[in-house]
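**Q** Before I ask anything, let me first share the structure, which is written out below as C-alpha cells.
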Amino acid sequence: MGTKDFDVKRHDGEELLIPEGMTEEMAKNNLTQFFRLEGKGNEIVRVSQTFPYLRPDGAHAFMLAVEEMFGEALQNNTGRFGEIPPKQIAIEVAPGETAVVPWGEFSLPGIEGSIETDASVQNGLVVFELVALIREKDVSKFRELTALTGKILESKSIYKGKAINASMAGLEPRISFISPNSDLFGVFNDHLQRSIDSEVMLPIRYPDQAKSIMGGSLKRGILLAGVYGTGKTLTAVQIAAEATKDGWTFVYVKDSSELAKFLEFAKMYSPAVVFAEDIDLVVGRSRDGNVNEILNVLDGVDSKNDQIVTVMTTNSLDDIHKAMMRPGRIDSVIKFDLPDAKTAGGIVRMHGGEDASALDLDEVGELLAGIEPALIVEVVRRARLRALSESGGKNYTLAMQNLEEAFGLVKLERGLVDTGSLNGVPEKIKETV
C-alpha cells in the first residue's frame, strides 16, 4: 500500500490515533515515511580530505581556516571549538617563530561529530589529512572548511618560497628554516661567477624567459665539481638568497641518499631548488638501488608544471655513475678551480672587513693564489687574531706580516710545504719549527 498525506496533531494521551478510512498497513507506511524525513541528514558519515602538503603546513593552514570560519583565539581550549577540545602543539612557521595549532580529535561549533587531523602517504611522503565523523547534514560545512584550508595552503604555506634544511625521519621530512646570510657569499673568479649566474640564477630570476628558451620546462640538473674547500657549499647560500627573493623554495639536503624523497617534496612546493651535497657518495660507479631511485625520480621531473632546479656537488667527478651524466639528469657541469690572485684578494677583502682596508690586495692575492678558499678564510681569521693580540686588545689594522705569518702556520699544519726546506714560510715561522 502507498502513503497518503496527513496532518500531524498531538494530544495528551498515549494512543496513536488513525484517521477514518486509513488501514493499519497504510498507517505503518506513513509513519515510516514520516520518521525517515525527520531523520534525514542525521546519519553519521565518514568524510576526509587529503592535502599534498606536509602535516605541519596543513595543520597551520587548517588553524587559520578555523579562525576565519569559527572565531578567534582559543579560550581555555574551547572558544572556537565545540565539546571536544583539541590538543595543541607548537610548530616552527618561520626562522625563530612558532605557532600553536590544533592536533588530534576535536569538535567545532555547528558541526555535530568529531574532526581529526590525520596523515596519509603520497609518493613516499607523509602528508596532511582531515578526517571527520559527522552528521550528513554538516558535510557541506566540512567541505567549505577544507576548501578554505586548501586555499590558505596555496597562498600562505609555511614552507613554499622559504629556504630550509631537510632530512628524513622515516617517511616524514624533518624541516628547519635557513636565513641566508649575504656575508657568507662565496667570492669566485669572473668565469665561474658567470657560469653560476647563467646556469643556476637566470632560470630563478627570469623563469618565463628561461622556460621559453628551455622548451617550456624549468627542469634542470646542475653539478658543481671541484676539490674540497673551493666554495661549492657557499654557493648554496648565494642560491638560497636568490631563490627566496624570487619566491622559489630552497631545499638543502644534508644526506644525498635522500635526494629522491626531496625531489618529490620539491614537486609539492615548486618552483624549487634542491641542493644536495656529495652526490658521488650515492651515485657512485656501481649501479645499485639508490642510483636507480634517484635516476627514476630525476627522469620523472619532466612535467612542464615541475619547476625544479636540482643542484648537486661532488669532490670527485670521476666517481659519478655515467648514467647520471646524461642530459636531462645533469645538464651542466660547473667546475670549481682554486682561486686566482684576483679572487684570493677578494676573499681576503670580504672576510677581513674594515680590518683589511690597508692591505695591498694584489700583493695578498699573489701570496694566496691557488689555495682553497676555505683555507684562505682560515688564514684571514688567524691573521686578525694575531693582529688583535699584538694590539693588546685595542683597535688594530691587519698588516701583510700578519697574513704571511698566519699563512705559514696554516701551510705547515696542512702539510702543504716540505717542512725540511720550509720554502715559502716566513722567517719568523721557521723559528718555531
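Bear in mind these aren't lab numbers, they're just calculated from the coordinates by the rules spelled out. Bear in mind that the values here come from a model prediction, so they are computed numbers and not experimental data. Please note: Cβ atoms are built from the backbone with ideal geometry, for glycine as well, and neighbour counts cover all protein chains shown.
**Q** Between GLY284 and residues 5 or more places away or on another chain, which pairs have amide H atoms under 5 Å apart, with H built 1.01 Å from N, and which residues are they?
**A** It is HIS321, by chain and number.
**Q** Using amide H atoms built in the peptide plane, which far-off residues or other-chain residues are under 5 Å from PHE177 H to H?
**A** For PHE177, the qualifying residues are ASN165.
**Q** If you average the C-alpha positions of segment 307-324 and of segment 84-152 separately, how far apart do those two centres end up, in angstrom?
**A** Going from one Cα centre to the other spans 40 Å.
**Q** Once you've got the Cα coordinates, tell me which of LYS162/LYS232; LYS342/LYS394; LYS151/LYS232; LYS151/LYS261 are over 28 Å apart. It would help to have the intermediate numbers written out before the result.
**A** Working: LYS162/LYS232 21 Å; LYS342/LYS394 31 Å; LYS151/LYS232 38 Å; LYS151/LYS261 25 Å.
Beyond 28 Å between Cα atoms: LYS342/LYS394; LYS151/LYS232.
**Q** Full-extension gain between ASN395 and SER167, please, as 0.36 nm times their residue separation minus the C-alpha to C-alpha distance.
**A** 77.7 nm
**Q** Which FRET efficiency value, to the nearest 0.05, do you get for TYR206 and ARG414 by plugging their Cβ-Cβ distance into 1/(1 + (r/R0)^6) with R0 = 41 Å? Present the calculation step by step, with values, prior to reporting the outcome.
**A** Working: r = 42 Å, r/R0 = 1.02.
For R0 = 41 Å, the calculated efficiency reads 0.45.
**Q** List the extent of the Cα atoms of segment 126-211 along each of their three principal axes, largest first, rounded to whole Å.
**A** Here the Cα extents, ordered largest to smallest, are 67, 34, 22 Å.
**Q** Just to be sure I follow: if Rg is taken over the C-alpha atoms of segment 150-263 and Rh is the Kirkwood radius over the same atoms, what is Rg/Rh?
**A** So for segment 150-263, dividing Rg by the Kirkwood Rh gives 0.97.
**Q** Using each residue's phi in segment 245-251, evaluate 6.51 cos²θ - 1.76 cosθ + 1.60 at θ = phi - 60° and report the 3J(HN,Hα) Karplus result to the nearest Hz, with x for Gly and Pro.
**A** 4, 9, x, 8, 7, 10, 10
**Q** How high is the FRET efficiency from TYR228 to GLU354, r the C-beta distance, R0 35 Å, rounded to 0.05? If you can, show how the numbers build up before the last one.
**A** Values: r = 30 Å, r/R0 = 0.86.
That gives a FRET efficiency of 0.70.
**Q** Now for a different question. Can you tell me the FRET efficiency between GLN122 and SER198 if r is taken as the Cβ-Cβ distance and R0 is 35 Å, rounded to the nearest 0.05?
**A** 0.50
**Q** Considering amide H positions built from the backbone, and no H for Pro or chain starts, which residues 5 or more places from VAL93, or on another chain, come under 5 Å of its amide H?
**A** Amide H to amide H, under 5 Å and 5 or more residues apart or across chains, VAL93 pairs with THR98, ALA99.
**Q** Take peptides 275-284, 387-396 and line them up by average Cβ neighbours within 10 Å, highest first, as a rough protection proxy. If you can, show how the numbers build up before the last one.
**A** On the way: 275-284: 22.0, 387-396: 11.5.
In decreasing order of mean packing, 275-284, 387-396 become 275-284, 387-396.
**Q** Moving to a separate point now. Read phi for every residue in segment 381-394 and hand back ³J(HN,Hα) as whole Hz from Karplus 6.51 cos²θ - 1.76 cosθ + 1.60, θ = phi - 60°, with x for Gly and Pro.
**A** Per-residue couplings from phi come out as 4, 5, 4, 5, 5, 5, 5, 5, 4, 5, 7, x, x, 9 Hz.
**Q** Please arrange LYS160, LYS211 by how many other C-beta atoms lie within 10 Å of their C-beta, fewest to most.
**A** LYS211, LYS160
**Q** For segment 44-158, what is the per residue volume of the convex hull drawn over the alpha-carbon atoms, in cubic angstrom? Intermediate results must be reported in sequence, preceding the final value.
**A** Values: hull volume 11.2 nm³, N = 115.
Given the Cα convex hull of segment 44-158, per-residue volume reads 97 Å³.
**Q** What order do you get for LEU153, LEU17, LEU133, LEU403 when you list them from fewest to most C-beta neighbours inside 10 Å?
**A** LEU17, LEU133, LEU153, LEU403
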